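Worksheet for the structure shown next.
The values are calculated or read from the model by the stated rules, or taken from the named source; none is laboratory data. Quantities reported herein were computed from a predicted structural model and do not represent experimental measurements. With ideal geometry, Cβ positions are generated from the backbone for all residues, glycine too; neighbour counts draw on all protein chains shown.
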Amino acid sequence: MLYPVAIDKGNSFFGVRVPDIPGCFSGGDNYQDAIESACEAIEAHIELLVDDGEAVPEETSVENWRSDPDYADVWALVDVDITRLMGKAEKINVTLPSLLIRRIDQFVAAHPEYSSRSGFLSRVATDRVKSLSPVRAVARLGQPLSKRICI
């Protein structure tokens, strides 16, 4: 999941807030440490939510937060892999037309980020469920973004 984070640069410390996850924050002595701490904080926060049976907060666009004065600082995008927190994968039996299966397989072969038919179906289902969820919408363009992937 790609979460936007707001970075507050202090005199000797970089604070990080995750607006999509209320109460989730971290920091570091430099920008890199702050981003890495944000990855850890997001993973830990989501793990607690999952353990408590609560929903994992959806990630939103930076544009949803830029006009909020509480988050008017520098932005970064933090990619957090939460698949290990989503629970054990379960095998299911799905019946689909053979033409659709062939088209899915061709698409997956051309798009290795899906890795498999199951990976494709899982991602498409997740994206569809997300698209049906209510989304906050506020927009203001301006500040540059950076992206850090947590591994």
Exercise. Answer yes or no: is there a residue in the stretch 71-83 that is exposed (fewer than 15 other Cβ atoms within 10 Å of the Cβ), over 14 Å from Leu2 (Cα atoms) and without any contact (Cβ under 8 Å) to a residue 12 or more places away in the chain.
Key: no
Exercise. Six or more apart or on different chains, Cβ under 6 Å: which pairs go from a residue in the stretch 48-64 that's closer than 10 Å to Ile21 by Cβ to one that's of a type in the set (Val, Ile, Thr)? Could you list them?
Key: Val56/Ile46; Pro57/Ile21
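Quick one: count up the residues across the stretch 56-92 that are part of a loop (DSSP other than H, G, I, E, B) and out of contact with any helix residue (DSSP H, G or I) (no Cβ under 7 Å at 6 or more places or on another chain).
Start the filter on the stretch 56-92 by keeping residues that are part of a loop (DSSP other than H, G, I, E, B), which leaves 56-61, 65-68, 72-73, 80-82, 86-92.
When the remaining residues are screened for being out of contact with any helix residue (DSSP H, G or I) (no Cβ under 7 Å at 6 or more places or on another chain), the result is 57, 59-61, 66-68, 72-73, 81, 86-92.
Total satisfying the criteria: 17.
Can Asp68 be described as assigned by TED's automatic domain parsing to the domain that holds Leu48 and under 24 Å from Ala44 (Cα atoms)?
Numbers: assigned by TED's automatic domain parsing to the domain that holds Leu48: yes; under 24 Å from Ala44 (Cα atoms): no.
No: the conditions fail for Asp68.
When only residues in the stretch 93-120 that are part of a loop (DSSP other than H, G, I, E, B) and not β-branched (Val, Ile, Thr) count, which is farthest from Asp33 (Cα to Cα)? Spell out the reasoning first.
At the first step, the residues of the stretch 93-120 found to be part of a loop (DSSP other than H, G, I, E, B) are 93-97, 111, 115-116.
So of that shortlist, the ones also not β-branched (Val, Ile, Thr) come out as 93, 96-97, 111, 115-116.
On the way: Asn93: 44, Leu96: 47, Pro97: 49, His111: 33, Ser115: 31, Ser116: 34 Å.
If we take residues in the stretch 93-120 being part of a loop (DSSP other than H, G, I, E, B) and not β-branched (Val, Ile, Thr), then Pro97 is farthest from Asp33 (Cα to Cα).
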Self-check item: Which numbered condition Lys88 fails, given (1) within 16 Å of the chain's Cα centre (by Cα); (2) among the basic types (Lys, Arg); (3) exposed (fewer than 10 other Cβ atoms within 10 Å of the Cβ)
Solution: (1)
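The rows are residues; the columns are (1) under 29 Å from Ser122 (Cα atoms); (2) of a type in the set (Asp, Glu).
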site: Ala6; (1), (2): no, no
site: Phe13; (1), (2): no, no
site: Ala38; (1), (2): yes, no
site: Glu47; (1), (2): yes, yes
site: Val56; (1), (2): yes, no
site: Ser67; (1), (2): no, no
site: Tyr71; (1), (2): no, no
site: Val78; (1), (2): yes, no
site: Pro97; (1), (2): yes, no
Quiz item: How about the stretch 93-108: which of its residues are exposed (fewer than 10 other Cβ atoms within 10 Å of the Cβ) and touching a helix residue (DSSP H, G or I) at 6+ places or on another chain (Cβ under 9 Å)?
Solution: Val94
Quiz item: Using beta carbons and a limit of 9 Å, which pairs, at least six apart or on different chains, have the first residue in the stretch 8-31 and in the same structural domain as Asp79 (by TED's automatic domain parsing) and within 27 Å of Leu49 (Cα to Cα) and the second one among the basic types (Lys, Arg) and buried (at least 19 other Cβ atoms within 10 Å of the Cβ)?
Solution: Asp8/Arg17; Cys24/Arg17; Phe25/Arg17; Ser26/Arg17
Self-check item: Residue selected from the stretch 109-135 under the condition under 17 Å from the mean Cα position of the chain (by Cα), surrounded by 12 or more Cβ atoms within 10 Å (Cβ to Cβ) and of a type in the set (Lys, Arg), by the criterion modelled with the lowest pLDDT
Solution: Lys130
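Kindly indicate which of Glu54, Glu40, Glu58 is in the same structural domain as Asp8 (by TED's automatic domain parsing), closer than 19 Å to Phe25 by Cα and at pLDDT 90 or above. Break it down into steps so the answer makes sense when it comes.
Working: Glu54 fails: at pLDDT 90 or above; Glu58 fails: at pLDDT 90 or above.
Result of the check over Glu54, Glu40, Glu58: Glu40.
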